[in-house]
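Shown next, in structure tokens, is the structure this report addresses.
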């Protein structure tokens, strides 16, 4: 199995909360460029998958690794799958699906995901960080409950349990091209549709998900105008 990962960053123009979100300026660099440069710390085999000519034109200013995809995809995973198919990957190629609105993910998390995937050989690997007390009842903070072997038991939004092994889920996924191909051809499950958590399709179909745990807190990604302001302030402090 090839332990050199490929990272694919899904990036679409039509965000409902932030207009042209991938192109938002964060202290001199666009959001999508910052995520791309983060991924480059792990592998040069990093690609941006987009349905937008505007994003493609912008991305061409700093890389040729951009793949045009359909504008009918309902999820980032579907976009990643189309891009992976166009790359003609082998079934065992390890792929990391890195969200295009998370510029502050430490590269150490991505490296741990790679190491843990090849050490523990799960079907799927994801990540988590400690759950802040103020997020326990926040439905926008997705929780993951894992067992003592770091295998995910369930994902949920509301305050259902008070176990020691509950963490704040980080939406990064790693899997082989074969597993990704199987996933996109499965029907969405009732749990997935009810909670709007795509990863539940894996659990409901008995795929094993390993949770790679990060023991610090990560600066929040970009979803709202307020997040943009906080991100710029964070960068001003940490890049100067």
Q) So, of the residues in segment 88-102 that are under 19 Å from residue 35 (Cα atoms) and at pLDDT below 95, which turns out to be surrounded by the most Cβ atoms within 10 Å (Cβ to Cβ)? A) 100
(Q) Out of the helices (runs of 4 or more DSSP H) lying entirely within segment 172-215, which hold 2 or more residues that are surrounded by 20 or more Cβ atoms within 10 Å (Cβ to Cβ), modelled with pLDDT of 95 or more and touching a strand residue (DSSP E or B) at 6+ places or on another chain (Cβ under 8 Å)? (A) 177-184, 200-204
Q.
Just to check your reading of the model, which residue among 63, 46 is at pLDDT 95 or above, surrounded by fewer than 20 Cβ atoms within 10 Å (Cβ to Cβ) and touching a strand residue (DSSP E or B) at 6+ places or on another chain (Cβ under 9 Å)?
A. 63
Q) For segment 228-240, which residues satisfy the criterion of being assigned to a helix (DSSP H, G or I) and surrounded by fewer than 18 Cβ atoms within 10 Å (Cβ to Cβ)? A) 228, 229, 230, 232, 233, 234, 236, 237, 238
**Q.** Subset of segment 121-146 (residues that are more than 14 Å from the chain's Cα centre (by Cα), touching a residue at least 24 places away in the same chain (Cβ under 8 Å) and within 19 Å of residue 183 (Cβ to Cβ))
**A.** 122, 123, 144
Q: Would you mind stating whether residue 149 is outside any helix (DSSP H, G or I), free of Cβ contacts under 8 Å to residues at least 12 places away in the same chain and over 19 Å from residue 97 (Cβ atoms)?
A: yes
(Q) Between a residue in segment 221-238 that is under 10 Å from residue 27 (Cβ atoms) and any residue that is surrounded by 11 or more Cβ atoms within 10 Å (Cβ to Cβ), which pairs come within a Cβ distance under 7 Å, given they are 6 or more apart or on different chains? (A) 231/26; 231/222; 232/26; 232/27; 234/219; 235/26; 235/27; 236/27
Q) Conditions: (1) more than 30 Å from residue 19 (Cα to Cα); (2) at pLDDT below 90. Residue 137 meets all but one. Number of the miss? A) (1)
**Q.** Residues located in segment 107-123, provided they are surrounded by 15 or more Cβ atoms within 10 Å (Cβ to Cβ) and either closer than 17 Å to residue 148 by Cα or modelled with pLDDT under 95 (or both)
**A.** 116, 117, 122
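The values are calculated or read from the model by the stated rules, or taken from the named source; none is laboratory data. Since the model is a prediction, treat every value here as computed from it, not as a measurement. So basically every Cβ, Gly included, is an ideal-geometry build from the backbone, and we count neighbours across all protein chains shown.
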